[in-house]
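Okay, structure first, notes after.
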């Protein structure tokens, strides 16, 4: 865990995509994991514990390692001892658990393999997935990663909503699996080039999921864009759920990439208006409004598609609220209520699962205990 660029959370989630509930070891250390190899360095106890607990909360079993056989700085001994004592006491709750997250974040190896600079942006698939992951954390929505090769009913039955963060490469069979998921009452949130290429990176003339969202690809991609925004269309008489929490904001930043689409049907009262890039040091030009995102509702299922891409840059901007409309789309999908409630005053990467020892449990790397929720 200590040497993983993505951190212990993404490591545990990513490995368990294909390993399932098999034991997964997370190796961690106590020093700074940098290219300069300060192997005798020691971080503070809170940092050591937070790093390890973050991995445990997402399915990793801690495996401590220390380089060299000498102890030049003993400050790490007590924190590591306390960590393993906590693991021993919590052992009954850390085995045979069942995750309770109702939002699935689809990660696409196919898109990572085949999305190249010619297709739009380097590392676009990974950036979109990590951007969405951060946005869900800030929105305090428990989620679980889903492998793009495991979209069958057995593996996604627990989810009410699936998020497709620029999942560019999807086969016809995978698109059909997603259609069946929607037919069973599930919700889908997709962004940018999702389903615009087949499983081998071959371009399609239109989205493979165009029928779900009521739009077609217009053949043009724009980006990277600078100084582009989204105007929030507030309606005091009927507030749109995508804009909840942004009542005081007239506009937010737009993503760096977007696609031109053609509407197949009329979408009533779109909550957002696209403001194209304009010079920052000259008199503002007039802009052509594009209303989005698109959303449809059929009986018990909802689907939404955003033309722009949520990347790590978008979700980690100084104003974390920039990603709120898209995360609101996931929380507004069909659900029987959140599996847990928590305070909205801070960010916390929280995992929620059911343990055979009784009760519903939450694991939060930002706190020092495992708590039962009722």
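Every number in this text was worked out from the coordinates using simple rules, so none of it is lab data. Keep in mind that this is a model prediction, so the values were computed, not measured. Quick reminder, even Gly has a Cβ in these numbers, built from the backbone with ideal geometry, and neighbours come from all protein chains shown.
Listed values, structure above:
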item	result
Stretch gain in nm, segment residue 113-residue 25, where the contour uses 0.36 nm per residue and the Cα spacing is subtracted	29.1 nm
Per-peptide average of other Cβ atoms within 10 Å, ordering 252-259, 214-221 highest first	252-259, 214-221
Euclidean distance of C-alpha centroids, the stretch 210-243 and the stretch 121-190, integer Å	19 Å
Full-stretch length increase - residue 36, residue 264 - with 0.36 nm per residue and alpha-carbon distance subtracted	76.5 nm
q = 0.09, 0.12 Å⁻¹, the stretch 35-194: log10 I(q)/I(0) [Debye, one scatterer per Cα]	-0.45, -0.72
Distance between modelled label sites at residue 154 and residue 65, nm, 7 Å Cα→Cβ extension	3.4 nm
Chain lengthening between residue 44 and residue 233 when straightened (0.36 nm per residue, less Cα-Cα)	63.4 nm
Estimated D of the stretch 8-97 in µm² per second, where Rh is the Kirkwood radius over Cα pairs and Stokes-Einstein applies at 37 °C, 0.692 mPa s	235 µm²/s
Relative packing of peptides 150-160, 104-114 - highest average C-beta neighbours within 10 Å first	104-114, 150-160
Separation in nanometres of the label points that stand 7 Å from Cα toward Cβ, at residue 220 and residue 184	4.0 nm
